[in-house]
Amino acid sequence: MIFCVPKHLIDKIKTSQLAKETNIKDLYNMSSKERRAFFAKHTDDEVGKFINTEFEKASISKQKTALKDWAEGVFSPKEKQGAQYKTVLDKINNLEKAGLLNDKNKQGFLEDLISDKLGIGVTAKEVRMIEKKAIKIQKIQKKLGDNFGNVIDNFDDNLEFLKAKKEMDDMLLGFNPASRAKVFSGTIARGSMLASVKSPILNIGSNTINGVLEGFSRRLSSLQARGANNKLALDYIKKVNKIYQKTGYDISRAISDDFGASGSRVLGDIVHAQGKGTVRKVGRFFEDTVFKQLMGAPDVAYSSAHFADTVNLGSMKLAKGDKKKATQYMLDAMSLDPKTDAGKLLKAQGILDAQVATYTNKSAISKASEGLRNILNDIAPEARIGDWVMPFVKTPANVINTSLDYAGLGAVKGVAKMAKMIANKNLTQAGVQEAVRDMVRAGMGGAGALLIANQIDPENFVGAYDPARKQIEALRNSNSNSIRIGDKWISLDWFGPLGVPLAGIMYAKKYSGGTKTGGALAYSKGIGRQLLQVPGFEVLNDTYDDLSKKGKEVSLEDTGKSIQKSAFDNLYGRLVPSIFSDVAKATDVYEREATTTGEKLKAKVPFLREILPVKKNVFGEDVTGEPAWSDILLGARVKTSKETEMVKKINKLVDASGKNLSLTDWDTTTGKQLNEAKTKLGKEEYDKLKVEYGKQLKQELETLMSSNKFNMANETAKINMINSLDEKIIKTVLKTKGIIYK
């Protein structure tokens, strides 16, 4: 930042009483606040503070001409380079060196200078608080000496340092609190979505599959199975998790000396909940319970294990089998601040492997999703539309990104890396191992997904959401992107990085048409449909589809309105913690109808939910929910199949014919006669008529499908018979209410 005294103030400074009244001795005896007010009186508040800050810098300078230079700078203004914002801890560590944290300055003598160096406004009282904690940190560092960062041999002292650092971080964040609106949308609302038992269980399940695959790929690509010191690796895992519980720092994925600290958030890059007020207090509750314990603790357990495993294997390879030397490499790599090149190399690889294994790495897809969310958030920084429309970005985007490697992209990447190294004549062992690992991922993903797919009949697979199949899938009680194992529909989310290749293979089995070319196209389509699950991509796709169906030319304004509507529609889902919704379902036998925001809120509250009407399927039958244990532990990603023999036959018929059933959807139809019926009859009578239609439909479908005429017809004719039957029943039930169907 370039700061200069504005031109219109230069003459004012020169001719004002400032030049006549300025007495260096008097300035020294003033507090920072008094001195700032003195300068501001002759300029303005901003320039006055700047002049005072520069005076305070000059007053502690070891350069003899500093004060003279300061005076010349004020009375002959020139461009001045302002403070460059670094991480907070770097600034804190330099405060004492600059003489800013000593007895002379306790009364706020250098308040403006300290504020300038930190990048946040602090009072004299807060300066003394910073001083106290900074001295504590420096004493621990001095005590540690050369053992600083050695969490294996000097665990207790290093833990003491990290705890002191955490206290400093939290205090500084409290000095610069995020707005209540940001805390609500960024922390509380998203925390509510994850506040359940099912979220950490899914996280653990996905991490387990990814962890096993990554462990194998690590060994196959390096041809290394034996580590240097398994006991040391286990000790490291235990200590990393203990540090996390005591401080919230995850040192297994921490780059440089950041340790995963929140100090860098002081400048407002990330929402935090430190500070005064009820909203921030609630935000800290969600940070500590949901983000730290429910979701964070399992992640750290996995990341520490992957870091330790990488370092354990890699150190043995670097030491060429010398176990003693390999153990020394391990100890250095496991330090907060490695001293040797080998230690730094192993630590960097360990961090990368830990991030990839827990879906927390930076990938092209996650960057794209985060970029889109940032654009939406920038539209209204306080409202943070992006957080509402795309609450979780990095992890789900990275799941897709990793899955693409396992779906075959890894082979392409690996070959490309090898070709580049050969072309540049830079074929290194590390580079070859990285390329081979990409290819190994592709091979393992294809083999693993194929093994699972061979056990699944094509009719027991449901791909991406298809509105045309909405009713038939509702009768089957299936999920989109799921497979049926036994009597359970299981979401592909449970298969971690195998989800995308599994979807591709199942698309090929189901829609290939029996040809290799068709199989390849269907596989590609299956992969492409999974890409639409990437946060942001799905929002844009759904918005486009929604506007296209309305016959609109999709404009930027239309898209913006649609996204805002999506954000508003999602609001109710963030007002009630997810565990409440799970309990509400678990204590209710039935699924419930909920269309308005108020009804959707009621559906999430135990017992209040049961006021709502019971949901009906297309046959007018009550829709029952899942067992209580399933609602609590697994949520909607696992459902019990309700496919009857008749529904099974209809499903096979639709798959074989490639035609869609046109069974009337009474809830979403835009047909003139049904809309007339809604208006004329009122909701209660209309719902009764819908049930009557469903009962007749089921009864007459059973009769039709058992007839010789139906069974002798081809698939297209059968579909037409069912659609004609649907139309006939609609006419019949509407006629009873005096409405003529055309």
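Just so it is clear, none of the values below were taken in a lab; they were calculated from the coordinates. Quick caveat: nothing in here was measured; it's all calculated off a predicted structure. Cβ sites come from the backbone with ideal geometry, for glycine too, and all protein chains shown count toward neighbours.
Using only Cα positions of segment 645-735, each an equal point scatterer, no hydration layer, compute I(q)/I(0) via Debye at q = 0.14, 0.20, 0.23 Å⁻¹ and quote the log10 values to two decimals.
Rounded to two decimals, the profile gives -0.55, -0.96, -1.15.
Could you please rank ILE51, ILE152, placing first whichever residue has the fewest other Cβ atoms within 10 Å of its Cβ?
ILE152, ILE51
Among 523-529, 578-584, 657-663, how do they line up from the highest to the lowest mean number of other beta-carbon atoms within 10 Å?
578-584, 523-529, 657-663
Among THR358, THR624, what is the fewest-to-most ranking by other Cβ atoms within 10 Å?
Neighbour counts put them in this order, fewest first: THR624, THR358.
For ASN479, what is the net charge nearby, where nearby means another residue's Cβ is under 11 Å from its Cβ and Lys, Arg count +1, Asp, Glu -1?
Combined, the nearby Lys, Arg, Asp and Glu give +3.
Given labels modelled 7 Å from the Cα in the Cβ direction, how far is it in nm from LYS324 to ASN454?
That separation, rounded to one decimal, is 5.0 nm.
What does the highest-first list of 606-613, 162-169, 229-236, 327-334 look like by mean Cβ count within 10 Å?
327-334, 162-169, 229-236, 606-613
Let me check I've understood the local charge: for THR644, count other residues with C-beta under 11 angstrom from its C-beta, Lys and Arg +1, Asp and Glu -1. What total comes out?
In short, +1.
Lys and Arg at +1, Asp and Glu at -1: add these up for the other residues within a Cβ distance under 11 Å of HIS306 and post the number.
-2
Taking the Cα centre of segment 645-735 as origin and charging only Cβ (+1 Lys, Arg; -1 Asp, Glu), how large is the dipole, in debye to the nearest 20?
160
As a footprinting exposure proxy, order GLU214, GLU54, GLU370, GLU645 by other Cβ within 10 Å, with the fewest listed first.
GLU645, GLU370, GLU54, GLU214
Taking a 18 Å limit on the Cα-Cα distance, which of the listed pairs LYS688/LYS735; LYS139/LYS163; LYS362/LYS525; LYS649/LYS709; LYS648/LYS698 fall beyond it?
LYS362/LYS525
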